[in-house]
Amino acid sequence: MQIEVFSGFSKRINSTKQPTGTGTTVTVLLKDGCDLKSPVFELNTLDFTINYVKAFGYHYFAHVENIDGHRCNIICTLDYLATFKANVGAYKGLIERTSSSSNVMITDPLNAPTCEVANAHVSASFGWTTSTTGCFIVGVAAKGGIKQGTTTFYAMSKQGLADVCDQIYDSSLWQQMWNQFNGVQNAIISSFWVPFSLTYVTSYFTGGVAGNFYIGDEIIAASDCYNIASRIHTEPTVTITATFPFQFGGVQVPNYVYKAPY
């Protein structure tokens, strides 16, 4: 039978490269017990330059083994990527190996990390203004300018809450509140802290007058205390266009890479 052999053909094992042009056609014998994956051919001459073979429509890596100084065996190993190049090119799948360690878009554990980006982020404000001091929102069963017995909410600073607490524990107030609620503690419905400044909350939510804090019919003087007439705050509609690599406001945000080329 005849095969086509090549001398000095250079390629990487992980490449689909095929030899260009025509090799040398030689007549060989196919050794018994071989298969298409690893055939062995016997050649009547000795040629150590042969390193690649085309046979049966397949491509093979080859190395030469001396038989008796005049003949040789051409031992072949199937070159899968070159043989099935058309199939490989048409296949869609996840790439797990890259020949370039600088390609950070492929997670290849064989390549060392090329960079590390920590805490890269973008924040946007949609009208909310946060504050580390914050303010307190207190709900009570109070008059507050509306029907008695319903819940009224107040926004107040830390000092305003302190003023309220100082007066709540006054003995005369306790007696008055006991008559209405069987204990002033039953009039306090809720109290929680929010991470927004009192100025911000009063600008968007309040409708009452500063300084009037009601528990039932009783008025408690408190600094920085505002009745919240409406608890609904409608945010403006904002459209953000994101591109890749991610950009925000025309500024490119670095890829979030940590320890591996994610």
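The values are calculated or read from the model by the stated rules, or taken from the named source; none is laboratory data. Small disclaimer: the values here were computed from a predicted structure and weren't measured. All Cβ positions, even for glycine, are placed from backbone atoms using ideal geometry, and neighbour counts span all protein chains on display. In case anyone asks, the SASA skips ligands and DNA or RNA and just uses the protein heavy atoms, side chains included. Shrake-Rupley method; radii C 1.70, N 1.55, O 1.52, S 1.80 Å.
For the stretch 1-93, report the accessible area per residue in Å² (1.4 Å probe, heavy atoms, rounded to an integer). Show your work: numbers first, answer last.
Numbers: 5780 Å² over 93 residues.
Heavy-atom SASA per residue in the stretch 1-93 reads 62 Å².
For a quick check of your reading of the filter: which GluC sites (Glu not before Pro) in the stretch 1-98 sit in a DSSP loop and have no more than 11 other Cβ atoms within 10 Å? Mind dumping the intermediate values first?
On the way: sites: Glu4, Glu42, Glu65, Glu96; in loops: Glu96.
Answer in residue order: Glu96.
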The ³J(HN,Hα) series, computed from each phi in the stretch 83-93 with the Karplus coefficients 6.51, -1.76 and 1.60 at θ = phi - 60°, rounded to the nearest Hz and given as x for glycine or proline, is 5, 10, 4, 4, 5, 5, x, 8, 7, 10, x
Counting only protein heavy atoms and leaving out ligands, DNA and RNA, the solvent-accessible surface of Asp166 at a 1.4 Å probe, in Å² to the nearest 10, equals 110 Å²
